[in-house]
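Written below as C-alpha cells is the structure these notes are about.
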Amino acid sequence: MQFADIPGLEEVKTSLINSVKNNHLAHAQLFFGPEGSGNLAMALAFATYLNCTNRQMSLDGSEDACSQCPSCQKMSRFVHPDVHYVFPVSATKNISGKDVVSSSYLADWRNFLTGNPYGTISQWMLQYGGEDKQVNISKEESRHIVRNLSLKAFEGNYKVMIIWLPEYMHVSAANGILKILEEPPAKTIFLLVSSDVEKLLTTILSRTQIFKIRGFKDEEISRYLVQQHELPEEQAAKAARMANGSMSAALGSINEVKDNNHSLYSSWMRLCYERNFSQLIQMADDFHQLNKDAQKSLLLYGLNILRETLVYPYTSEELVRLEGDERMFVERFSKVMSWDKVQLIAEKLNESLYHLERNASPKIMFLDLSLQVAGIIKS
Ligand SMILES: [Zn+2]
C-alpha cells in the first residue's frame, strides 16, 4: 500500500511526509476516521513509506514509497518483520484461551487486507470466523506488544506497531501499554487506527498525535472504482453516491454486482457451449430486461474474464488474481478453448459493447452474440 493507492486525503499525506523530512515524527499517532474511511490504509501506506529504502518523487511532486524495494515488497504482502499488527479478535473453533491474540490470526489478517484495506470489524469477524461476538484486544495481547517492541529491529529501520481499532482494548490492556506508548524504544512508532475515539481512554489519547481522516468524497470513490476495479463510470458514480463516504460500502455493492455477473456469465457460456438455443432465447429476453448499466457491466465482466483466460496458462500461481468460482471457471475454460477462440469471442463481445452503446436492441444484439459465440466454440 502506497500513498498513491489511497484516493484523495492529500493534506494528511503531505503532513505525514513532512513530519519525516523535518524530523518531527511523533512516536505515537492516531488515525481517526469513520468506518470505511482511509484510516487503516493511511497507516499501512505510512508504514510502507517509513521503511522504504528508495523513496520516490512522483510526477505531481509528492513523495511516496517505491513499491519495489525489499521492504516495500514485504509490506505489500504484510509480512515485514518489523511491522507488527494488533487488532480485535475473539475465540474461534480452533483458537481459544491464551491463544486468542492477533499473532494467531495473521494468515486471515493478511487475506483481509489484501486488495481491500477499508474493511469493517464485522467483515473482519466474517473473515476469521469469529464465533464469539465479544471481540477485544486483551491484556495478554498487551504483553505481546511490549515483548515484540523490546526486540531489536530485524532490518534496521523503523519498528512499527499498527493497532487497528484500539477502542476494543480491554482497560487492563490499555493500561499495559501506557508506559511503552509514552516512551517507546528508539525508532519505534505506534500507529493507532480508530473509528471511535470517544471510547478510547484519555490516557491513550493524550499520548498520541491525532490525524483526522474524513470519509471519502463521492468523486474519490468513483475514481477508485474506475481505476482499480474497471467499473464503467456511470456505475462507479452510482455506487459512490450510495456509499456515503465509505469505501468498504462501495466495494461491497460492486462485489454483489460482480457475483451476479459471474453467475450470469458462466451460465450463458455454458448454454453457448451446449448449443442450448431455446434457453439462449430465454436468456436474451432476460438480458433485455436489465437496465443499460447492467447490460454493459455484464459484457465488460465477460471481457475481463476472457482476458484472464488468455493469460491464465502463462501466469504463475502467486500472480493469479482470481479466487473461488471465478478461478475454477477460468481454469476450465482455458483448458477447453484455444487461444484463438478466446480472442475471437473477446472481439465479438467488444463489438456488441460498441453496438449497445449506440442503442442497438439489447435482445437482438444478445441473441446474435450468443449464436456467434456458440459457432466459435464449435468451430
Ligand atoms: Zn520501497
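No lab work stands behind these numbers, since they all come straight from the coordinates. This structure is a prediction, so every number in the text was calculated from the model and none was measured. Cβ sites come from the backbone with ideal geometry, for glycine too, and all protein chains shown count toward neighbours.
For Ile210, list long-range residues whose amide hydrogen, built 1.01 Å from N in the peptide plane, is under 5 Å from its own amide hydrogen.
Leu30
Using all C-alpha to C-alpha distances in region 94-142, build P(r) with 5 Å bins and read off the rounded percent in each one.
5, 18, 33, 26, 15, 4, 0
Using only Cα atoms, tell me the angle between helix 171-182 and the longest principal axis of the chain; keep it within 0 to 90° and round to the nearest 10.
It works out to around 70 degrees.
If I take every Cα pair under 8 Å that is 6 or more residues apart in region 12-143, average their sequence separation and divide by the length, what percent do I get for the relative contact order?
Relative contact order here is 22 percent.
Could you tell me which of rounded, prolate or oblate describes region 234-378, using a ≥ b ≥ c as the square roots of the eigenvalues of the alpha-carbon gyration tensor, with rounded for a/c under 1.5 and, failing that, prolate when a/b is larger than b/c and oblate otherwise?
Oblate is the answer for region 234-378, as a/c is 1.5 or above yet b/c matches or exceeds a/b.
So, in region 3-215, how many Lys pairs have Cα atoms under 22 Å apart, if the pair is 8 or more places apart or on different chains?
Lysine pairs satisfying the spacing and distance rule in region 3-215 number 26.
With contacts defined as alpha carbon pairs under 8 Å and 6 or more residues apart, what's the relative contact order of the chain in percent?
Once divided by the residue count of the chain, the mean separation gives 18 percent.
Would you mind telling me which residue in Ser172, Ser102, Ser138 has the biggest mean-square fluctuation in a Gaussian network model of the chain, where springs connect alpha carbons within a distance under 10 angstrom?
Ser172
Only loop residues by DSSP count here, and only those with at most 13 other Cβ atoms within 10 Å; note down the trypsin sites (Lys or Arg not before Pro) in region 294-379 that meet that.
Arg321, Arg358
With a 10 Å cut-off between alpha carbons and a GNM built on the chain, which of Ile364, Ile163, Ile17 moves the most?
Ile364
Could you pull out the longest piece of the chain with no exposed loop GluC sites (Glu not before Pro) in it, calling a site exposed if DSSP puts it outside H, G, I, E, B and it has at most 15 other Cβ atoms within 10 Å?
It runs 1-130.
Once you order the gyration tensor axes a ≥ b ≥ c over the Cα atoms, which shape class does region 5-129 get: rounded for a/c under 1.5, otherwise prolate or oblate by comparing a/b with b/c?
prolate
So what is the calculated 222 nm ellipticity per residue for the chain, using -39500 (n - 2.57) for each DSSP H run with n of 4 or more, over all residues, to the nearest 500 deg cm²/dmol?
-17500 deg cm²/dmol
Let me understand region 103-178 better: what is its radius of gyration from the alpha carbons, and its Dmax, in angstrom?
In Å, with Rg to one decimal and Dmax whole: 13.7, 39.
Measure nothing but the geometry: give the 0 to 90° angle between the long axis through the Cα atoms of 10-21 and the longest principal axis through the Cα atoms of the chain, rounded to 10°.
The helix 10-21 is inclined about 40 degrees to the chain.
Expressed as an acute angle from 0 to 90° and rounded to the nearest 10, what is the orientation of the C-alpha long axis of helix 277-289 relative to the principal long axis of the chain?
60 degrees
Count charges around Ser103 for me, please; just the other residues with Cβ under 14 Å from its Cβ, Lys/Arg as +1, Asp/Glu as -1.
In short, 0.
Return the whole-Å distance between the Cα centroid of region 333-374 and the Cα centroid of region 1-51.
So the separation of the two Cα centres works out to 45 Å.
Using a 10 angstrom cutoff on alpha carbons, build the Gaussian network for the chain and name the most mobile of Lys212, Lys93, Lys238.
Lys93
Between region 279-327 and region 91-113, how many Å separate their Cα centres?
Computed from Cα coordinates, the inter-centre distance equals 34 Å.
Using Cα pairs under 8 angstrom and six or more residues apart, how large is the relative contact order of region 234-378, in percent?
30 percent.
Given 10 °C and 1.306 mPa s, how large is the Stokes-Einstein diffusion coefficient of the chain in µm²/s, with Rh as the Kirkwood radius over Cα pairs?
Diffusion coefficient, whole number: 69 µm²/s.
Rounded, prolate or oblate: pick one for region 53-92, where a ≥ b ≥ c are the square roots of the eigenvalues of its C-alpha gyration tensor, a/c under 1.5 means rounded, and failing that, prolate if a/b is larger than b/c, else oblate.
prolate
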